[in-house]
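The values are calculated or read from the model by the stated rules, or taken from the named source; none is laboratory data. Please read these numbers as outputs of a predicted model, since none were measured by experiment. Cβ atoms come from the backbone with ideal geometry, glycine included; neighbour counts cover every protein chain shown.
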Amino acid sequence: MAAANKPVTKLYGWAISPFVSRALLSLEEAGVDYEHVTMSRSAGDHRRPDHLARNPFGQVPVLEDGDLTLFESRAIARHVFRKHKPELLGGAGDPERAAMVDVWTEVEAHQFQPAAGAIVVECVFAPLLGRARDQRRVDENVGKLRAVLEAYDARLSKQNRPYLAGGDDVSLADLTHFPVMHYVMGTEYGPELVEGLPGVKAWWEAIAARPAAKKVAKLMPLDVGASSASKKEQ
């Protein structure tokens, strides 16, 4: 709970969304007092006027930080770390490291997310969306994601450091991968995607072992799609 004399920080959205969980992870990593305002996608909470006033695109997450309202999960994470834990952005005194954090955060958004996100949609969320898995799409993106992870492994091996931006400390560049990678590793493709990639395997295990990641993972059941489909059939 936030102190009575401080503005309450609120995060809106459903935690099974990897975008919402990215924002949740940033708040947990930064040690922010916040309120998670849960919403229901099936009930259309994101299309209600009060939420559209927060985000005109009707998406989640949305962060209210005092008088500031933000949406887009990576922007939220950057804001939270900039305000509360700037070392996770590289730190003000090390512009070179900050630049590498920016580079690998962009790599996550433009190289990792498209392939990994497609796998997660088909393998985890398709039942929740009321449709069958598109196996052709899965197979295509497993190959694409494997190529991305091979590039990651080469990066980690060449620099002989545990995290993508270099150095021995985690950063946003690593943490931003957690939500989607959590779901990917819970699919039948997870083990084969990291097989023979020791750098990636160690990197992922280090991220997943963080207390904040463990806490957020509890809100992201790996069988969320199957569980929802089962409930519909009952």
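General remarks:
- For segment 5-39, filtered to residues that are part of a strand (DSSP E or B) and not hydrophobic (A, V, I, L, M, F, W, C), the residue that is surrounded by the fewest Cβ atoms within 10 Å (Cβ to Cβ) is GLU35.
- VAL200 passes every criterion in (1) surrounded by fewer than 20 Cβ atoms within 10 Å (Cβ to Cβ); (2) of a type in the set (A, V, I, L, M); (3) free of Cβ contacts under 8 Å to residues at least 60 places away in the same chain apart from (1).
- Of the set (1) at pLDDT below 95; (2) more than 17 Å from the chain's Cα centre (by Cα), all apply to VAL224 but (2).
- Matching residues in segment 97-120 - criterion: being surrounded by fewer than 20 Cβ atoms within 10 Å (Cβ to Cβ) and among the β-branched types (Val, Ile, Thr): VAL103, VAL107
- Condition check for VAL101: more than 21 Å from VAL8 (Cβ to Cβ), assigned to a helix (DSSP H, G or I) and either without any contact (Cβ under 8 Å) to a residue 12 or more places away in the chain or hydrophobic (A, V, I, L, M, F, W, C) (or both): yes
- Taking every residue in segment 49-73 that is under 16 Å from THR9 (Cα atoms) and acidic (Asp, Glu) and pairing it with any residue that is part of a helix (DSSP H, G or I) and at pLDDT 95 or above, at least 6 positions away or on another chain, the pairs with Cβ-Cβ distances below 8 Å are GLU64/ARG54; ASP65/HIS79; ASP65/LYS83.
- Single residue of ASP139, ASP174 found to be assigned to a helix (DSSP H, G or I), closer than 20 Å to ALA77 by Cα and modelled with pLDDT of 95 or more: ASP174
- Positions within segment 59-92 being more than 19 Å from GLU108 (Cα to Cα) and exposed (fewer than 14 other Cβ atoms within 10 Å of the Cβ), in sequence order: GLY66, ASP67, LEU68, LYS83, ALA92
- Scope segment 86-98; condition in contact (Cβ under 8 Å) with a residue 12 or more places away in the chain and of a type outside the set (D, E, K, R); matching residues: LEU88, LEU89, GLY90
- When segment 179-210 is filtered for residues that are in a helix (DSSP H, G or I), under 15 Å from the mean Cα position of the chain (by Cα) and under 24 Å from GLN135 (Cβ atoms), the ones remaining, listed by number, are PRO179, VAL180, MET181, HIS182, TYR183, VAL184, MET185.
- The lone exception for ARG82 - which of (1) more than 21 Å from the chain's Cα centre (by Cα); (2) assigned to a helix (DSSP H, G or I); (3) within 19 Å of PHE19 (Cα to Cα) it fails: (1)
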